[in-house]
Structures are given as C-alpha cells and as structure tokens.
Amino acid sequence: MMQRKGLKFVPGLVLAGAVGALALGNGGCSTLSNAAAAAGSCDAFSQGASAIGSLQIDATSKAVVSASADFVGIVTNMEQAVLTACNNINSDLGVTDAGAGGSSGGEGGIDDEVTASCNAAAAAIQGILNAGGSAQAACSLAYSGGQCTVDASAQASCVGSCMGGASCTPPDVTVDCSPGDLSVQCGGTCNAMATCEGSATVQANCQGSCSAECTGTCTPPTGASIDCSGTCMGNCTGMCNGSSMMGGMCSGTCQGKCDAACTYMAGSPGHCSGSCKGTCSGNCTLDANANVMCGANVSCKGGCTGMATAPKCEGQIKEPMCNADANCQASCQSHAEVSAMCTPPSVNLVCSGSTSGQLGTLVTTLQKNGPALIAAITTQAQLAITAGGSVLTAAQAEVSNAGNLSGSAIACLRTAVSGVVSAQASLNVSVSASASVSTSAGGPGKPAGS
C-alpha cells in the first residue's frame, strides 16, 4: 500500500489523551470501557460504504465518518489520475528519469511521486516550447467544460439518515441554485449571453465565443486576425495552397492567419479566438443577438426560452428542509459535493504555425492527458477543497462532544479526522503538481484557497 508522509496520526494522539482525561474525570466503568474502545482502530473506515453503514454507532457520527471516507476516496482517485497523466506525458515526450517516486524507493509515497513526475513533465514541456526561442509566446493551453453537478436528492437522503430515517424534502434546484449555476436540457433556445455546454464527446451548437475547438466558421474581432486552416474570406498570411505568402487574398486553402472569417476545413476544427458559428467541443457563450438550440444532450446554462427539463446545479445548493444538527448537515453537503457527477474538460495546446515534430507530440499528449490535470485545478478540485473543510469541521465538532458518544464512534471519528487531514495535504499536492504542468504550457495555475 502506498504511504503518505506527514503528521497524520497527531490528531489521533491528541484525541487519545483527551479520552483518557475524560475517563479519569468521570471515573465510571462504562466510561473506561468507552475510552478503551476509543483507543482502538476503525477498520471499517477503509473498507467501503457498506462496512461503514454496518457500524453500530450513532447516526450523526456515522454520517461524518462516511463523508470523511468519501472525501479520502475522491482525493485518492484524483491523485492517482494526476500521477497517471504526468507519467503518460513523460512517456510520450521521452522523459526517462522523472525523479524518485515514493513507492519506488522514496519515503514520501505517492505525494512525492506525483510531485516528481509532474515537475519532470513541466520541465519537458518548457524545454519543447522554448526550443524555438519565441515559440512559447505562440502557444497557450485552451480548456473548456468540465462541469460538475451536485445531486440535491443525495444530500437530502443523507440528512434523513442522520435523523433516523426521517424524510427530508430536497431543495427545489430551480429555486435554490444560483441562476448562473443552473443548467437544463432546453427544449427551445438557449438565451443570448447564456452558455451551451459542449464537450469532447458531445458537440454544442454555437453562435458565439467557443472556448474549445470550433467546427464551422470563425470570425475575428474587428482589426484582429485568427488562426485559419481552411477558406479565408480576407487576407491570408502563411501558406496558401502550400505556397508561402506574406498577406493577400487566397483562392483556396489558407493555413496561417486570416483577418476575416475563416471556414475551417472538414475534419479540421480550430481554436476560434473570435465568434464561432457552427459547433463547439466545449462551452459556447452565445452572442448578444444569438438564439440557439444547443443540441441533443447538450445543457444550457444561464437561461432557456422554452421547456426546461433535467435541472442541475453546478454550484452549492441550499440545505434540505429538515431539522438536523449542524454536523449532520455539513457532512451531508460534503458527501453530495464529492459525489458530484463531473464531465471532463476538453484541453488543447493552441499554437500558431506548424505543430510538427516534438511540438506535435506535445499537442497530442496534452489533449489526451490534460483533462485530468485541469480537473484537478478547476471544478472537481474546488468542490473537493470545500468538501474537505466542511467535513473536517464537522468531525472535529463531533470529537468535542466525546462525552456523549460510544467508544466505537470516537475511534471512528478519530480515524476520520486523521484521514481527512492527510487527504487535504495530498489534495494540495495534486493541485500544485497539476498547476506546475498547466502553467508550463500557458494554462491556469493553482486556484486561490487551495
């Protein structure tokens, strides 16, 4: 099993001392028995939801322990995904020595392995982009999509379990989600300035700003030029029908810069830094005068004219309507956030000019492995950061109520606190390592609060 370094057992030691003091202060045999149980382990914590569900402890403690295990699980999966992505990038770019990983000889376990592998990938990317002197300025990492939606029903069901099976009414997502975070399947048109949410697997109809790959026609802002591989309706600078040109009308295929609308060649989408009219492999923010049907299985976020179905919230939602205590509510909100359904972002290294040789390999490997890294910086990581803070606060608050808990509950809460603290450190490693690779290619860095 991979090991993590850090002070992960300190909370347990502190709690053990507190439990001993409690036993001596109360002086009862039952309290001493509880203290002995609290000093034991909680094997169920690492054995999955069914094992935690079978624990004979109070409902709120069980919800806290379950949410803590959820958080540890999502962080472990995210960190493994980041490690795999960085290892794949290194392999594709021919990096033979990515540094000493923890499970392969170091003492820090997977945390050190992730850091070493991603630092090596970042250095290799910088080396390729700097190889042409000014090449780095001509490339940037474009990403789009990667939405995560929180299930209000799961949150309400969890809170109900804290209350001994009492029914809790889930919030009305259409009312209790910020309008800017509410996405729907729109039976009519998605409103102007709203967003059609496409992805690498489901193309969104677009008439506006496409933050991923545009298929169709791209029109640059006034006085600007765009990357073009297709029919240029203005002046082409680059290659026209295979011949170099410094600027002028091109009757045929332009590969370079175009100062007017460019219709991309079939099967060759491009990154449109203007207004895309066609389809988009990521999020398309519609123009002010646009009325677009986003397409089958494509969500609309920001306003729908027509019947709206399957509403989902891409941010936090209000608590369900029931009278549960604060620790139960916080744990269940954390559970819902780490259990959110996430679609991976689309990622592309956009470069002007030729992308042959190592630069072409870099473009390909970032398209394939970049989504796991961007997800660990943006949507999924942001939810995990919030969830980890909420469940740790709840677990620590339950621990402070140790005099009213069984020894088994205390032991499991101690394990939960220790596990969450360790996982928070590993989450920070994943975010930092992903950011090092992303920024080396001109992409987003480590978010605030991580």
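Only the coordinates and a few stated rules stand behind these numbers; no lab work does. Small disclaimer: the values here were computed from a predicted structure and weren't measured. Methodologically, a virtual Cβ is constructed for each residue, glycine included, from the backbone with ideal geometry; neighbour enumeration extends over all protein chains shown.
Listed by chain and number, the aspartates and glutamates placed with their C-alpha closer than 15 angstrom to that of K368 are D92, E213; residues fewer than eight positions away on the same chain are left out. Positive contributions from Lys and Arg (+1) and negative ones from Asp and Glu (-1), summed over other residues with Cβ under 13 Å from the Cβ of P220, come out at 0. Scaled to the globular estimate 2.2 N^0.38 Å, the Cα spread of segment 238-298, given as radius of gyration, is 1.39. Using a cutoff of 8 angstrom between alpha carbon atoms and counting only pairs six or more residues apart, the relative contact order for the chain works out to 27 percent.
With respect to the chain, whose longest principal axis is taken over its alpha-carbon atoms, helix 379-399 is tilted by about 10°.
For Cα extents along the principal axes in Å, computed directly from the structure shown, the correct entry in [x] 93, 56, 29; [y] 79, 58, 44; [z] 82, 81, 48 is [x].
When all alpha carbon pairs of segment 142-206 are counted in 5 Å bins from zero, the resulting P(r) reads 3, 13, 19, 18, 15, 12, 9, 7, 4, 1 %.
Between helix 152-162 and the chain there is an angle of about 10 degrees, using the helix long axis and the longest principal axis of the Cα atoms. Residues in segment 432-439 carry Karplus couplings, in order, of 5, 5, 5, 5, 5, 6, 4, 5 Hz; the curve used is 6.51 cos²θ - 1.76 cosθ + 1.60 with θ = phi - 60°, and Gly or Pro positions show x. Couplings 3J(HN,Hα) of segment 67-75, computed from phi: 5, 5, 5, 4, 4, 4, x, 5, 5 Hz, in residue order, whole Hz [Karplus 6.51 cos²θ - 1.76 cosθ + 1.60, θ = phi - 60°; x for Gly and Pro]. For segment 178-313, relative contact order (Cα pairs under 8 Å, six or more residues apart, normalised by length) works out to 48 percent. Note on T355 and Q47: the extension gain reaches 106.1 nm, defined as 0.36 nm multiplied by sequence separation minus the Cα-Cα distance. GNM on the chain, C-alpha springs below 10 Å: top fluctuator among G306, G388, G357? Top of the fluctuation ranking is G357.
Segment 204-278 has equivalent-ellipsoid semi-axes of 20, 13, 8 Å, by the square roots of 5 times the alpha carbon gyration tensor eigenvalues, sorted largest first.
For helix 357-375, report the angle its Cα long axis makes with the longest principal axis of the Cα atoms of the chain; keep it between 0 and 90° and round to the nearest 10°. Compared with the principal axis, the helix lies near 40 degrees.
Close amide H pairs (under 5 Å, H built 1.01 Å from N) link V292 with C190, residues at least 5 positions away or on another chain. Can you tell which of S243, L141, N283 lies farthest toward the positive end of the dipole of the chain, using +1 and -1 charges on the Cβ of basic and acidic side chains (Lys, Arg; Asp, Glu)? The residue sitting most towards the positive pole is S243.
Once the convex hull of all Cα atoms in segment 178-313 is built, its volume per residue stands at 95 Å³. The rule of thumb for compact globular proteins, 2.2 N^0.38 Å, goes into the C-alpha radius of gyration of segment 282-399 1.48 times.
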